Amino acid sequence: MAEDPREAAEKKAQARVEEMGGAVAARALLAAEKVAVLSTLSQRRPGWPAASLTPYALDARGEPILLLSALAQHTRNLEADPRACLFVYDAAAAVTDARTAPRLTIYGAIAPIEGAAEVEAKSAYLARHPDARGLLGLDFKLYRLAVEDAQWVGGFAAAGWLTPADLLAPGA
């Protein structure tokens with residue numbers, strides 16, 4: 001039986017991701033960019049995705065840290081259903097050709113960071129976004145996206161999936 005052409009193309013694209021060092025490139029993109037699109041499940045429009053722009057930082061393992069306001073719709077959405085994805089892309093490359101710009105979509109659950117972990121997360125977030133210091137005294141709280149899966153697109157015909165072990169810092 002002949003292989004489905006779509007499956008063959010996906011296998012080829014996944015092999016290209018691995019050949020190009022997709023995990024290393026994905027970690028580099030996460031480290032280089034500072035803002036991403038956060039997608040949550042809308043409570044106002046049940047069943048619909050809701051997207052918002054949000055700055056992020058990374059913890060020692062490489063998982064995204066977000067500073068979210070209790071008043072924001074995305075925070076309300078996450079309180080009802082913590083599943084979300086974070087879309088990060090190479091903004092400079094997208095200006096030239098968005099179709100070939102490297103990009104990463106990270107899937108996972110988002111939860112508040114509490115206790116001793118909050119000190120480390122606050123330090124990491126403020127190191128990357130020092131202008132956010134004043135927000136911490138308001139209704140903003142730190143959250144972590146626990147990476148469950150990720151899709152990397154390294155350019156044309158180079159797309160595939162990365163596991164948490166692939167994406168997170170080696171040895172973390």
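With respect to the chain, whose longest principal axis is taken over its alpha-carbon atoms, helix 5-19 is tilted by about 70°.
Legend: Rg and Dmax of the stretch 5-167, from Cα coordinates, 16.4, 55 Å. Among the trypsin sites (Lys or Arg not before Pro) in the stretch 130-172, none is located in a DSSP loop while being surrounded by at most 10 other Cβ atoms within 10 Å of its own Cβ.
Distances between placed amide hydrogens fall under 5 Å for SER42 paired with GLY47, TRP48, ALA50, all partners being 5 or more residues away or on another chain.
Loop-located GluC sites (Glu not before Pro) across the stretch 75-121 with a Cβ neighbour count of 13 or fewer within 10 Å are GLU114, with loop assigned by DSSP.
Which ³J(HN,Hα) values in Hz, rounded to whole numbers, follow from the phi angles of the stretch 140-154 under the Karplus curve 6.51 cos²θ - 1.76 cosθ + 1.60, where θ = phi - 60° and Gly and Pro get x? These are the phi-based 3J(HN,Hα) values: 8, 9, 7, 10, 10, 8, 7, 5, 10, 6, 8, 10, 9, 10, x Hz. Distances between placed amide hydrogens fall under 5 Å for ALA36 paired with THR54, TYR56, all partners being 5 or more residues away or on another chain. Here the peptides 162-169, 82-89 are ranked by packing, the mean other Cβ count within 10 Å, and the order with the highest first is 82-89, 162-169.
In order along the stretch 63-74, the phi-based Karplus estimate (6.51 cos²θ - 1.76 cosθ + 1.60, θ = phi - 60°) of 3J(HN,Hα) comes to 7, x, 10, 10, 10, 10, 7, 5, 7, 6, 4, 5 Hz; Gly and Pro are listed as x. Remark on GLU63: its backbone amide H falls under 5 Å from none of the residues 5 or more positions apart or on other chains, H modelled at 1.01 Å from N.
A Cβ-based charge dipole, computed about the Cα centre of the chain with Lys and Arg at +1 and Asp and Glu at -1, lands at about 440 debye.
Computed from the coordinates by the stated procedures, all read-outs in this text should not be read as laboratory data. A quick note: this is a predicted structure, and the numbers were derived from the prediction, not measured. Quick reminder, even Gly has a Cβ in these numbers, built from the backbone with ideal geometry, and neighbours come from all protein chains shown.
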